[in-house]
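Asker: Please find one structure pasted underneath; my questions will follow.
Just so you know, all these numbers are worked out from the coordinates, no wet-lab data involved. Because the structure is a prediction, the values reported are computed rather than measured. Methodologically, a virtual Cβ is constructed for each residue, glycine included, from the backbone with ideal geometry; neighbour enumeration extends over all protein chains shown.
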Amino acid sequence: MAPDSAALSAPRTSGQKVAHARIAEPRLVKGRRDFFSYRDLGVRAQVMKSSKGMSEPTGWHYHECDGQFVYILKGWVDLQFEDGRTVRVEEGDSLFIPGYLRHNEIATSEEMEILEVSTPGTMGTRPCDPPDGFKG
C-alpha cells in the first residue's frame with residue numbers, strides 16, 4: 001500500500017535548527033555541580049566530565065523532566081534511589097532515571113565522563129518527499 005500524498009510532503013519545520021557540536025570547539029556551560037565540566041551538545045544533551053572525582057555526595061534531588069538517560073563513557077558513578085537501591089553505573093553502562101524520582105550521587109571514579117540526555121522530546125519517523133533539488 002502506497003503512502004498517501006500528505007505523508008510524503010514535507011511538513012513545516014518546528015522552528016528548530018540543526019545542532020552540530022564540534023569536539024574541536026567545545027561549548028562549555030555552567031552545570032548543576034561545580035566538580036563537573038559540562039559540554040553542551042546543542043540539544044538537551046550534554047557530556048559531563050570529572051578529573052578529580054566527587055568531593056562529597058550531591059544530596060538528594062530530582063529532576064523536573066520526563067526522564068534522564070545517562071551513558072557512562074569513562075569511569076563510574078554510584079547512585080542511591082528512593083526505593084533503597086544503590087547502583088554503580090560503569091563504563092559502557094546506561095541508566096534511565098524517570099523524572100521526579102529522588103536520587104543522590106554518592107561517589108564517582110577519579111576520572112569520569114557521562115553522556116546525559118533529558119526528555120521531554122519526542123521523535124517520530126514519517127516518510128516524505130525529498131526537498132526540491134534532491135533525488136529520492
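Asker: Give me T86, T108 sorted ascending by neighbouring Cβ count inside 10 Å, so fewest comes first. Don't skip to the end; give the middle numbers.
Answerer: Working: T86 11, T108 24.
Listing T86, T108 from fewest to most nearby Cβ atoms yields T86, T108.
Asker: On to the next question. For the residues L28, L79, what sequence is obtained by ranking on other C-beta atoms within 10 Å, fewest first? Spell out each step's value before the answer.
Answerer: Numbers: L28 12, L79 20.
The order, fewest Cβ neighbours first, is L28, L79.
Asker: What FRET efficiency do you get for L73 and E25 if R0 is 22 Å and r is their Cβ-Cβ distance, rounded to the nearest 0.05? Could the numbers behind the result be given before it?
Answerer: On the way: r = 19 Å, r/R0 = 0.87.
E(calc), rounded to 0.05, equals 0.70.
Asker: Got a sec to turn the phi values of segment 77-94 into Karplus ³J(HN,Hα) couplings, 6.51 cos²θ - 1.76 cosθ + 1.60 with θ = phi - 60°, whole Hz, x for Gly and Pro?
Answerer: For segment 77-94, the Karplus-derived couplings read 9, 9, 10, 9, 10, 4, 7, x, 6, 10, 10, 9, 10, 10, 3, x, 7, 10 Hz, x marking Gly and Pro.
Asker: Tell me, R39, R85, R102 in order of fewest to most beta-carbon neighbours within 10 Å?
Answerer: Numbers: R39 18, R85 9, R102 13.
Lowest to highest Cβ neighbour count: R85, R102, R39.
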